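S.K.: Quick one: structure below, then a few questions.
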């Protein structure tokens with residue numbers, strides 16, 4: 001199996017955000033390696049149009065390179081072409097069926113189209129091969145939440161965060177699932193731990209805003225919300241919160257009620 005490396009397009013999509021890119025395999029032809037590295041660097045730096053063109057050039061020369069196909073699929077998704085992204089991930093899987101990353105990448109593209117069962121199938125396949133894959137566990141948890149199974153989502157977020165304690169979004173999502181399930185004490189404890197560890201983490205502060213307001217602690221809610229608005233204004237947008245960040249219904253409604261009273 002080829003040696004792969006992941007680069008981070010974290011939270012660039014909704015997220016989920018955990019987007020996996022292959023690193024160039026070791027080739028004997030330096031020109032091939034240089035082309036791959038150039039396309040990878042453009043992808044990493046967010047120059048997506050240039051990266052897309054570079055991946056096209058590379059794949060004209062090496063059309064069966066699974067890593068390049070998967071990377072181009074990620075770029076297509078970022079550029080708003082989820083169907084094209086799925087097609088490239090399909091080709092990558094055909095070229096290298098033993099590599100799990102294209103399954104995760106295809107699942108992310110399927111999620112963007114609301115194809116929850118298809119995405120779930122891909123993540124479950126990855127977990128069957130690698131039970132400790134925190135990315136697949138986290139993404140599967142998001143799918144379970146979208147299917148309104150918040151208990152399953154909570155358990156999966158918990159497992160992902162235990163495997164990767166620095167995975168702050170998994171921990172915040174677990175707390176939000178607890179919020180939805182009515183486990184308010186557990187939710188509050190986890191959110192406060194996150195804020196102590198990551199003071200500028202907007203997701204946890206926004207969730208604690210909703211929680212404090214629901215408990216009638218308006219002063220603390222106001223304080224956290226001021227921080228949120230300075231860190232990330234998207235949390236005031238209900239559509240983004242539900243469809244992109246994919247918060248549960250209860251904390252979303254509580255936060256929107258708090259904002260409406262301001």
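The values are calculated or read from the model by the stated rules, or taken from the named source; none is laboratory data. Keep in mind it's a predicted model, so treat the numbers as computed, not measured. Note that each Cβ is placed from the backbone with ideal geometry, even for glycine, and that neighbours are counted across all protein chains shown.
S.K.: If we scan the stretch 168-185, do we find a residue that is under 19 Å from the mean Cα position of the chain (by Cα) and free of Cβ contacts under 8 Å to residues at least 12 places away in the same chain?
M.R.: First pass over the stretch 168-185, keeping only residues under 19 Å from the mean Cα position of the chain (by Cα): 168-177.
When the remaining residues are screened for being free of Cβ contacts under 8 Å to residues at least 12 places away in the same chain, the result is none.
No, the stretch 168-185 has no match at all.
S.K.: Could you tell me which residue of the stretch 205-234 is surrounded by the fewest Cβ atoms within 10 Å (Cβ to Cβ), considering only residues that are within 17 Å of residue 187 (Cβ to Cβ) and more than 25 Å from the chain's Cα centre (by Cα)?
M.R.: Among them, the one singled out is 216.
S.K.: Looking at 139, 155 in this structure, which one is touching a helix residue (DSSP H, G or I) at 6+ places or on another chain (Cβ under 7 Å) and in a helix (DSSP H, G or I)? Don't jump to the end; show me each part of the working.
M.R.: Details: 155 fails: touching a helix residue (DSSP H, G or I) at 6+ places or on another chain (Cβ under 7 Å).
Exactly one residue qualifies, and that residue is 139.
S.K.: Consider residue 73 carefully, then state whether it is over 19 Å from residue 62 (Cβ atoms), in the same structural domain as residue 60 (by TED's automatic domain parsing) and either surrounded by fewer than 19 Cβ atoms within 10 Å (Cβ to Cβ) or within 18 Å of the chain's Cα centre (by Cα) (or both).
M.R.: Working: over 19 Å from residue 62 (Cβ atoms): no; in the same structural domain as residue 60 (by TED's automatic domain parsing): yes; either surrounded by fewer than 19 Cβ atoms within 10 Å (Cβ to Cβ) or within 18 Å of the chain's Cα centre (by Cα) (or both): yes.
When the stated conditions are applied, residue 73 does not pass them.
S.K.: Assuming residue 47 fulfils every condition listed in (1) modelled with pLDDT of 95 or more; (2) under 19 Å from residue 102 (Cβ atoms) apart from one, which condition is it?
M.R.: Here residue 47 meets the rest and fails (2).
S.K.: Kindly establish whether residue 104 is in contact (Cβ under 8 Å) with a residue 60 or more places away in the chain and either assigned by TED's automatic domain parsing to the domain that holds residue 241 or part of a helix (DSSP H, G or I) (or both).
M.R.: Yes; evaluated as a whole, the condition is true for this residue.
S.K.: A follow-up question, please. Which residue out of 122, 178 is closer than 17 Å to residue 255 by Cβ, assigned to a helix (DSSP H, G or I) and modelled with pLDDT of 95 or more? Give the derivation first.
M.R.: Values: 122 fails: closer than 17 Å to residue 255 by Cβ.
After applying the criteria, what remains is 178.
S.K.: Scan the stretch 187-200 residue by residue and report those that are surrounded by fewer than 16 Cβ atoms within 10 Å (Cβ to Cβ) and either within 16 Å of the chain's Cα centre (by Cα) or part of a helix (DSSP H, G or I) (or both).
M.R.: Initial filter on the stretch 187-200 (surrounded by fewer than 16 Cβ atoms within 10 Å (Cβ to Cβ)): 189, 192-193, 196-197, 199-200.
Residues satisfying the conditions are 189, 192, 193, 196, 197.
S.K.: Could we say that residue 117 is over 30 Å from residue 242 (Cβ atoms) and part of a helix (DSSP H, G or I) here? Steps first, answer last, please.
M.R.: Numbers: over 30 Å from residue 242 (Cβ atoms): no; part of a helix (DSSP H, G or I): yes.
When the stated conditions are applied, residue 117 does not pass them.
S.K.: Could you tell me whether residue 128 is assigned by TED's automatic domain parsing to the domain that holds residue 117, at pLDDT 95 or above and part of a helix (DSSP H, G or I)?
M.R.: Values: assigned by TED's automatic domain parsing to the domain that holds residue 117: yes; at pLDDT 95 or above: yes; part of a helix (DSSP H, G or I): yes.
For residue 128, the condition - assigned by TED's automatic domain parsing to the domain that holds residue 117, at pLDDT 95 or above and part of a helix (DSSP H, G or I) - is met.
S.K.: Next question, about the same structure. Output the residues belonging to the stretch 34-65 that are over 22 Å from the mean Cα position of the chain (by Cα), without any contact (Cβ under 8 Å) to a residue 12 or more places away in the chain and under 16 Å from residue 79 (Cβ atoms).
M.R.: Matches in the stretch 34-65: 50, 53.
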